[in-house]
Amino acid sequence: MRLTIRSCLTCFVIVGSLTLAACGDGIDDAAILAETQSTEVAEPMEDQHHPAVEARSAEAITEDVHSQLLTIDTHVDIPDDFATEAVDPGGNDRFQVDLAKMEEGNLSAVFFIVYVGQTERTEANYAEAVRKARNKFDAIHRMTEALYPDRIGLATSADDILRIRGEGKLVALIGVENGFAFGSDLSTVEEYFSRGMRYAGFAHMGHSNFADSSLAREDLGDVPEEHGGLSDLGKGLLKELNRLGVMADVSHASKAATLDIARLSTAPVIASHSGARAVYDHFRNLTDEELMAIKKTGGVVQIVGFDTYLAAPPEEKVAAKKALAERYNYSRATRASLSPETIAAYRADVKALDQQWPRAEVNTLADHIDYAVKLIGIDHVGISSDFDGGGGLTGWMDASQTPNVTQELILRGYSVGDIKKIWGENLLRVMRDVEAKAG
Ligand SMILES: [Zn+2]
């Protein structure tokens, strides 16, 4: 069964749904209330352990809500051979996101990522980074134009998202991860924009020429702080993004760089895939100061379903993973030199660790969402998965399981209106604002 049903759920459903009704969201809530009333009448509180009623209620309520949502996931990675014979985006067994899984789980819109990993900053590596980025743009266009134009369309504006959705299709968008993907200057920015880039980040794991990263890479010769935030080139990139109407993304940037981006941007900014540092102290998560700075721009923080960013894994799991990495000689520095067979074997063994020590659950994601909503408000929080880039939680391991996230939000008492904002309307608003401020 797709949905994860907790024990003693009737109680939660009634509480959650009454909150939905009380928050008042017009016609949608009326339908939910009708559902709840029948539950309440049929199952008084003292008889709350009837398993059949519990399961039916949870599924029905979740489906009612989830089926009407525009769900936007702002971070899904793709492999270099995406949309070739090797990786069919229409449906496959290897990846967490494909069109069949998006359709099954009503994941309406996905930012597919043009990601280039940070390597040593040499002229040859800059040229290679641009080649790799262009290859990923090609792949996404192949999916939407040549392979599956009847199932998914490429959106380059907020209006496009709604139009394509209105045609009954899935929506693809494009984000660029790591300033390194632009090469050594700004000459590729307009080209990437013309090919559909609608958000861009400044760094990844390791400093770039554009910004300091939240992780300095000793293996690449990084000092703790290289630019002290954004470099002059990074400021130039931000100006270009603002001019073109592309959302600036702070995820992976250092705290100083994040605060620079928020302070200097003339349009709202986003964090495309990050968590809240106050909930779990991980370098990839945002401090309260950063969250507040993003809110001040009118932007949105897309809380990410990435296990190790959201909660501390068991020590035994960390030790076992470290031992595996040593056995395969697998690290960020060595990865590129390993054979595909070695990488596949390493990944299979890592997957086995997830069986032994399961990943964090969807409710941990909701803990970060709750915290961010309390701190910066319901209008500034969204969701991302980082699927096929390390993301995935117990209960949300691929796009087909997306209703489980909605169920958790219902259980936490969010109104339908709130859930709509978190799942897509906030991002849509930011995208529209950024477009309006372009030029
Ligand atoms: Zn990332």
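The values are calculated or read from the model by the stated rules, or taken from the named source; none is laboratory data. None of these values were measured; they are calculated from a predicted model. Cβ coordinates were reconstructed from backbone atoms using ideal geometry, including for glycine residues, and neighbour counts include every protein chain displayed.
Annotations for the structure displayed:
- Residue in segment 180-189 that is surrounded by fewer than 16 Cβ atoms within 10 Å (Cβ to Cβ) and not hydrophobic (A, V, I, L, M, F, W, C) present: yes
- Residues (farther than 22 Å from SER157 by Cβ, of a type in the set (Val, Ile, Thr) and either crowded, with 23+ Cβ neighbours inside 10 Å or not assigned by TED's automatic domain parsing to the domain that holds GLY391 (or both)) located in segment 101-144: VAL116
- Of ILE383, ILE422, all but one fail to be in a strand (DSSP E or B) and in contact with a strand residue (DSSP E or B) (Cβ under 7 Å, 6 or more places away or on another chain); the exception is ILE383.
The rows are residues; the columns are (1) of a type outside the set (Asp, Glu); (2) part of a helix (DSSP H, G or I).
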residue: HIS273; (1), (2): yes, no
residue: ASP281; (1), (2): no, no
residue: GLU289; (1), (2): no, yes
residue: ILE294; (1), (2): yes, yes
residue: GLN302; (1), (2): yes, no
residue: ALA319; (1), (2): yes, yes
residue: ALA344; (1), (2): yes, yes
residue: ASP349; (1), (2): no, yes
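- In the condition set (1) in contact (Cβ under 8 Å) with a residue 12 or more places away in the chain; (2) over 21 Å from GLY90 (Cα atoms), ALA124 is compliant with all but (1).
- In segment 359-380, of all residues being among the acidic types (Asp, Glu) and assigned to a helix (DSSP H, G or I), the one that is surrounded by the most Cβ atoms within 10 Å (Cβ to Cβ) corresponds to ASP367.
- Pick from segment 58-92, criterion acidic (Asp, Glu) and assigned to a helix (DSSP H, G or I), ranking: nearest to the ligand (Cβ to nearest atom): GLU63
- Residue list for segment 321-335, filter: charged (D, E, K, R) and not in a loop (DSSP other than H, G, I, E, B): LYS321, LYS322, GLU326, ARG327, ARG335
- Filtering LEU409, LEU393 for residues that are in a helix (DSSP H, G or I) and either of a type in the set (A, V, I, L, M, F, W, C) or in the same structural domain as GLY298 (by TED's automatic domain parsing) (or both) leaves a single hit, LEU409.
- Segment 248-260: number of residues that are within 16 Å of the ligand (Cβ to nearest atom) and in contact (Cβ under 8 Å) with a residue 40 or more places away in the chain: 8
Listed here are the residues, each with its yes/no results for (1) in contact with a strand residue (DSSP E or B) (Cβ under 8 Å, 6 or more places away or on another chain); (2) modelled with pLDDT of 95 or more; (3) within 16 Å of the ligand (Cβ to nearest atom); (4) not small (Gly, Ala, Ser).
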| position | (1), (2), (3), (4) |
| --- | --- |
| LEU310 | yes, yes, yes, yes |
| ASN329 | no, no, no, yes |
| THR334 | no, no, no, yes |
| ALA344 | no, no, no, no |
| LYS351 | no, no, no, yes |
| GLN355 | no, no, no, yes |
| ALA360 | yes, yes, no, no |
| ILE369 | yes, yes, no, yes |
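- Matching residues in segment 283-306 - criterion: being away from the ligand (no atom under 13 Å from the Cβ), among the hydrophobic types (A, V, I, L, M, F, W, C) and surrounded by fewer than 24 Cβ atoms within 10 Å (Cβ to Cβ): MET292, ALA293
Each row is one residue, and each column tells you yes or no for (1) of a type in the set (S, T, N, Q); (2) over 26 Å from VAL76 (Cα atoms); (3) within 16 Å of the ligand (Cβ to nearest atom); (4) under 25 Å from the mean Cα position of the chain (by Cα).
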site: ARG195; (1), (2), (3), (4): no, no, no, yes
site: PHE210; (1), (2), (3), (4): no, no, yes, yes
site: SER213; (1), (2), (3), (4): yes, no, yes, yes
site: VAL223; (1), (2), (3), (4): no, yes, no, no
site: GLU240; (1), (2), (3), (4): no, no, no, yes
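- Within segment 330-358, residues that are in contact (Cβ under 8 Å) with a residue 24 or more places away in the chain have Cβ atoms under 8 Å from residues that are aromatic (Phe, Trp, Tyr) in these pairs: ASP349/TYR328, counting only partners at least 6 apart in sequence or on another chain.
Here is a yes/no grid of residues against (1) within 16 Å of the chain's Cα centre (by Cα); (2) over 20 Å from ALA211 (Cα atoms):
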position	(1), (2)
MET102	yes, yes
TYR115	yes, no
THR119	no, no
VAL130	no, no
ILE140	no, yes
PRO149	no, yes
SER157	no, yes
GLY183	no, no
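- Residue-level check: of (1) over 17 Å from the mean Cα position of the chain (by Cα); (2) crowded, with 23+ Cβ neighbours inside 10 Å, THR402 misses just (1).
- Residue check for ASP98: charged (D, E, K, R), modelled with pLDDT of 80 or more, assigned by TED's automatic domain parsing to the domain that holds TRP396 and within 16 Å of the ligand (Cβ to nearest atom): no
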